[in-house]
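The values are calculated or read from the model by the stated rules, or taken from the named source; none is laboratory data. Source: prediction; values computed, not measured. Cβ placement follows ideal geometry from the backbone for every residue including glycine, while neighbour counts extend to all protein chains displayed.
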Amino acid sequence: MPIFAAMKNNKIAFQTFGCKLNFAETSAIARKFTASGYEIVDFREEADYYVIHSCTVTSQAEKKTRAAIRQAARKNPEASVAVIGCYSQLRPEEIHKINGVDIILGNSDKYHLPEYIDNLRKHKAEKIPAPARPTDFEPGFSIGDRTRSFFKVQDGCDYFCTYCAIPFARGRSRSATIASTLEVARQIASTEVKEIVLTGVNIGDFGRQNSESFTDLLKALGQLEGIERIRISSVEPELLKDEIIALVAQSQRFMPHFHIPLQSGTDRILELMKRKYKREVFADRVNTIKMTMPDACIAADVITGFPGETDEDFRQTVDFIESLPVSYLHVFTYSKRPGTRAALLDEQVHDAIKQERSRLLHQLSERKKELFYNENRGSHQVVLWESSMHKGFMNGFTGNYIHCKKPFDKNSVNQIESVTLLEPDKDGMFTVKVNDQL
């Protein structure tokens with residue numbers, strides 16, 4: 001056992017920003033500390049060590065990291081603070097200037113955080129600069145929620161879209177073999193977790209360097225005992241093959257819930273973004289899903305305010321989304337990322353215009369969600385109930401990702417029940433009637 005496991009001052013707190021992939025990785029890192037005798041506490045509590053897993057997708061994400069550093073320093077000025085992840089990878093010198101930061105690790109060295117903290121305890125080590133771009137694949141999964149686990153199956157990206165810094169922060173696309181991935185999946189299956197969410201930067205690219213495919217992985221996971229529900233996170237339109245859609249449609253294990261990046265509804269802007277599809281490819285994927293699974297939930301990512309986006313481009317994007325059976329949107333206001341090609345483009349859109357377009361897209365998302373909910377009112381669905389309680393109610397999600405609630409019942413926690421969807425409340429959560437049989 002490492003020497004620090006037997007020492008005092010062993011409370012450690014984690015704060016994670018950004019994607020589901022970050023959450024899976026944070027959980028994997030935290031388990032290393034637990035195994036060494038550390039006590040995990042809430043980030044709002046006083047701790048001896050604070051770990052901030054950073055994001056760099058937008059300037060707002062970086063701002064949240066800086067705020068978390070200040071929060072930790074206020075909570076315990078004597079504590080040590082480690083900042084890890086994408087922000088650390090790309091701009092370690094920026095973080096280095098912030099008072100109170102003791103360790104700065106990029107996306108390769110963050111998995112060795114216990115050793116760095118051990119060294120810090122012994123020698124009060126200086127701040128660590130971020131390394132070169134990561135090249136190894138490190139598996140990971142979250143386990144804090146006994147209901148659901150975010151399961152990392154892929155990392156990095158080879159696309160280099162002009163607005164995105166993630167390929168620089170996380171390196172080239174890579175993954176383990178299907179056999180190795182199944183070994184990790186079996187670890188999850190040995191817990192109480194009922195649902196896994198497959199996560200990565202570009203999961204549709206899984207297996208390419210091993211002459212395997214994402215479709216092959218899904219087929220293998222579909223045969224795995226011990227996991228009752230599998231969700232697929234974001235898949236690029238051109239990588240969402242008919243075979244994947246058919247597999248989800250024919251399986252009781254894969255949930256009819258898709259997340260497809262659109263980014264813009266005009267081919268001109270998609271080309272400026274260096275996306276690998278035209279808008280009709282996106283439309284075809286959405287329509288194919290709905291023809292195969294009419295009750296499927298489809299989320300779409302949209303970026304507004306990309307350099308050169310005119311009022312006409314925005315209008316076409318809105319009209320395009322209006323024309324499709326998309327269930328809701330993830331709206332991102334374009335944020336200039338240093339080192340990306342889009343940051344050098346002329347015709348940067350004024351902030352006020354970006355904010356107004358974002359507001360309109362959020363309104364469109366609410367209309368789409370309301371329509372999707374109306375289509376599902378009165379339908380029979382299957383819900384996995386979670387442990388959290390609010391005002392006497394517990395909540396859960398249907399297979400097609402409709403948020404539901406019912407009076408709290410401890411016997412229903414982490415259980416799957418058949419329900420009839422009644423009415424959504426003002427917060428968008430459906431009240432339900434529990435059916436006698438699944």
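For Arg146, indicate whether it is part of a loop (DSSP other than H, G, I, E, B) and outside the structural domain of Phe14 (by TED's automatic domain parsing). Considered against the rule, which asks whether it is part of a loop (DSSP other than H, G, I, E, B) and outside the structural domain of Phe14 (by TED's automatic domain parsing), Arg146 comes out as yes.
Against the numbered list (1) in contact with an Asp or Glu (Cβ under 7 Å, 6 or more places away or on another chain); (2) part of a helix (DSSP H, G or I), Phe332 comes up short only at (2).
Inspect the range 353-363 for any residue being of a type in the set (Lys, Arg), in contact with a helix residue (DSSP H, G or I) (Cβ under 6 Å, 6 or more places away or on another chain), in a helix (DSSP H, G or I) and touching a residue at least 24 places away in the same chain (Cβ under 8 Å) and give the result as yes or no. Yes, the range 353-363 contains a residue that is of a type in the set (Lys, Arg), in contact with a helix residue (DSSP H, G or I) (Cβ under 6 Å, 6 or more places away or on another chain), in a helix (DSSP H, G or I) and touching a residue at least 24 places away in the same chain (Cβ under 8 Å). Restricted to the range 230-275, and to residues there that are out of contact with any strand residue (DSSP E or B) (no Cβ under 9 Å at 6 or more places or on another chain) and among the hydrophobic types (A, V, I, L, M, F, W, C), the residue that is farthest from Thr340 (Cα to Cα) is Ala249. Could you say whether any residue in the range 395-407 is loosely packed, with under 13 Cβ neighbours inside 10 Å and over 23 Å from Gln252 (Cα atoms)? Yes, the range 395-407 contains a residue that is loosely packed, with under 13 Cβ neighbours inside 10 Å and over 23 Å from Gln252 (Cα atoms).
As a summary of the residue check, Pro167 satisfies the conditions (1) assigned to a loop (DSSP other than H, G, I, E, B); (2) surrounded by fewer than 23 Cβ atoms within 10 Å (Cβ to Cβ) except for the one numbered (1).
Scan Ser80, Ser59, Ser54 and give me the residue that is crowded, with 21+ Cβ neighbours inside 10 Å and over 19 Å from Gly156 (Cα atoms). Spell out the reasoning first.
Values: Ser59 fails: crowded, with 21+ Cβ neighbours inside 10 Å; Ser54 fails: over 19 Å from Gly156 (Cα atoms).
One residue alone meets the criteria, Ser80.
Under the condition of being touching a residue at least 40 places away in the same chain (Cβ under 8 Å) and touching a Leu at 6+ places or on another chain (Cβ under 9 Å), which residue from the range 85-105 is nearest to Arg31 (Cα to Cα)? Ranking the qualifying residues of the range 85-105, first place goes to Gly85.
Just to be sure before I move on: is Arg268 crowded, with 21+ Cβ neighbours inside 10 Å and in contact (Cβ under 8 Å) with a residue 12 or more places away in the chain in the structure I sent?
Details: crowded, with 21+ Cβ neighbours inside 10 Å: no; in contact (Cβ under 8 Å) with a residue 12 or more places away in the chain: yes.
No: the conditions fail for Arg268.
In this structure, is Ile298 modelled with pLDDT of 95 or more and assigned to a helix (DSSP H, G or I)? So Ile298 does not fit the description; no.
Condition check ((1) in contact (Cβ under 8 Å) with a residue 24 or more places away in the chain; (2) among the aliphatic types (A, V, I, L, M); (3) more than 17 Å from Ile117 (Cα to Cα)) across all residues:
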{"site": "Ala24", "(1), (2), (3)": "yes, yes, yes"}
{"site": "Tyr38", "(1), (2), (3)": "yes, no, no"}
{"site": "Asp42", "(1), (2), (3)": "yes, no, yes"}
{"site": "Glu45", "(1), (2), (3)": "yes, no, yes"}
{"site": "Tyr49", "(1), (2), (3)": "yes, no, no"}
{"site": "His53", "(1), (2), (3)": "yes, no, no"}
{"site": "Arg66", "(1), (2), (3)": "yes, no, yes"}
{"site": "Gln71", "(1), (2), (3)": "yes, no, yes"}
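With respect to (1) buried (at least 16 other Cβ atoms within 10 Å of the Cβ); (2) out of contact with any Lys or Arg (no Cβ under 8 Å at 6 or more places or on another chain), the lone exception for Met255 is condition (2).
Do we have Val235 as in contact (Cβ under 8 Å) with a residue 40 or more places away in the chain and either crowded, with 21+ Cβ neighbours inside 10 Å or touching a His at 6+ places or on another chain (Cβ under 9 Å) (or both) here? Let's see the steps before the verdict.
Details: in contact (Cβ under 8 Å) with a residue 40 or more places away in the chain: no; either crowded, with 21+ Cβ neighbours inside 10 Å or touching a His at 6+ places or on another chain (Cβ under 9 Å) (or both): yes.
No; evaluated as a whole, the condition is false for this residue.
Among the criteria (1) hydroxyl-bearing (Ser, Thr, Tyr); (2) surrounded by fewer than 21 Cβ atoms within 10 Å (Cβ to Cβ); (3) within 30 Å of Thr340 (Cβ to Cβ), the one Ser180 does not fulfil is (3).
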